Amino acid sequence: MNLRAVRAIYAQEMGRFFRTVTQSLVAPVLSTSLYFVVFGAAIGGRIEEVEGVSYGAFIVPGLIMLSVITQGISNASFGIYFPKFVGTIFEVLSAPVSFLEAVLGYVGAAATKSFLIGLIILATSWFFVDLSIAHPVAMLAFLVLTCVSFSLLGFIIGIWAGNFEQLQLVPLLIVTPLVFLGGSFYSVSMLPGIWQTVALFNPVVYLISGFRWSFFGLADVPVGISLLAIAAFTTACLAVVWWIFRTGWRLRR
């Protein structure tokens, strides 16, 4: 494996992150803090507990997932789209860099960024609510898997997008609504019977459910199913990325 190429791509992407730290880091933390104020204080004053957990603490895993998913997609999609836009992607394709090495560089950097944002938002939440983590190792595992899987999805979106508008199309119209409807601010068990069944077709439900279990030991679906769901999603994204590099789809045109 060409580790020098992986380090070069990774360092370039991380450098861009730190050059735009206000947009990349401060903005997500501030927006999440507003969610804590609005949902935790305003709505939390009316909903004291959900399944024995204070509402302010209950929404923390959902807020972290919301930020991690959107930031993972955004960072990865822009990271690969911009080289396409300016034409520098052809330097990567003509260099002795394999599909795996390119993915490790671009996706690894995007996943690292979203992971850091997730940890900072977790630290920020302690200023607003009393929070304990029942299964810290499982929490980190779910966080890493989510960062990697949605960075892979963002990588695919960045390759597919033909312009900057398409770059935002899937995150805004599909991913963000799925996250909001995936139990970020409520438990699926609070829904009427038929809507509980409908919610189970939302893949984000399994991510948030497993992540929330790692905090409070509470889950809308079994933890094993949540792990299988995220593993299947990650595998599917890897398969698509492998096919893209094998065929050159949207890369060599």
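In the stretch 171-203, what residues are without any contact (Cβ under 8 Å) to a residue 24 or more places away in the chain and closer than 27 Å to Asn75 by Cα?
So in the stretch 171-203, the residues without any contact (Cβ under 8 Å) to a residue 24 or more places away in the chain come out as 172-174, 177, 181, 191-201.
Those that are without any contact (Cβ under 8 Å) to a residue 24 or more places away in the chain and closer than 27 Å to Asn75 by Cα: Leu172, Leu173, Ile174, Pro177, Leu181, Phe201.
Per the conditions (1) assigned to a helix (DSSP H, G or I); (2) surrounded by fewer than 21 Cβ atoms within 10 Å (Cβ to Cβ), the sole criterion not satisfied by Met65 is (2). Of the residues making up the stretch 201-210, just one is exposed (fewer than 15 other Cβ atoms within 10 Å of the Cβ) and not in a helix (DSSP H, G or I), namely Phe201. One residue stands out in the stretch 16-62 among those that are under 26 Å from Ala76 (Cβ atoms) and at pLDDT 90 or above: the one that is surrounded by the fewest Cβ atoms within 10 Å (Cβ to Cβ), namely Gly62. Here the condition is being exposed (fewer than 15 other Cβ atoms within 10 Å of the Cβ) and either within 19 Å of Asp220 (Cα to Cα) or in contact with a Lys or Arg (Cβ under 9 Å, 6 or more places away or on another chain) (or both); of Ala134, Ala138, Ala123, it holds for Ala134 alone. Look at the stretch 136-164: where a residue is more than 15 Å from Phe115 (Cβ to Cβ) and a partner is basic (Lys, Arg), sitting 6+ places away or on another chain with Cβ atoms under 7 Å, you get Ile159/Arg250; Trp160/Arg250.
Quick one: count up the residues across the stretch 100-120 that are buried (at least 17 other Cβ atoms within 10 Å of the Cβ) and more than 19 Å from Ser33 (Cα to Cα). Total meeting the criteria: 12.
Every residue, every condition in (1) part of a helix (DSSP H, G or I); (2) of a type in the set (Phe, Trp, Tyr); (3) in contact with a helix residue (DSSP H, G or I) (Cβ under 6 Å, 6 or more places away or on another chain); (4) at negative phi, yes or no:
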position: Thr197; (1), (2), (3), (4): yes, no, no, yes
position: Ser226; (1), (2), (3), (4): yes, no, yes, yes
position: Ala229; (1), (2), (3), (4): yes, no, yes, yes
position: Phe233; (1), (2), (3), (4): yes, yes, yes, yes
position: Leu251; (1), (2), (3), (4): no, no, no, yes
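Does the stretch 80-99 include one or more residues that are surrounded by 18 or more Cβ atoms within 10 Å (Cβ to Cβ), under 30 Å from Ala5 (Cα atoms) and not aliphatic (A, V, I, L, M)? Yes, some residue in the stretch 80-99 is surrounded by 18 or more Cβ atoms within 10 Å (Cβ to Cβ), under 30 Å from Ala5 (Cα atoms) and not aliphatic (A, V, I, L, M).
The values are calculated or read from the model by the stated rules, or taken from the named source; none is laboratory data. Just so we're clear, the structure is a prediction, and the values are computed from it rather than from any experiment. Every residue, glycine among them, receives a Cβ derived from its backbone with ideal geometry; neighbour counts consider all protein chains shown.
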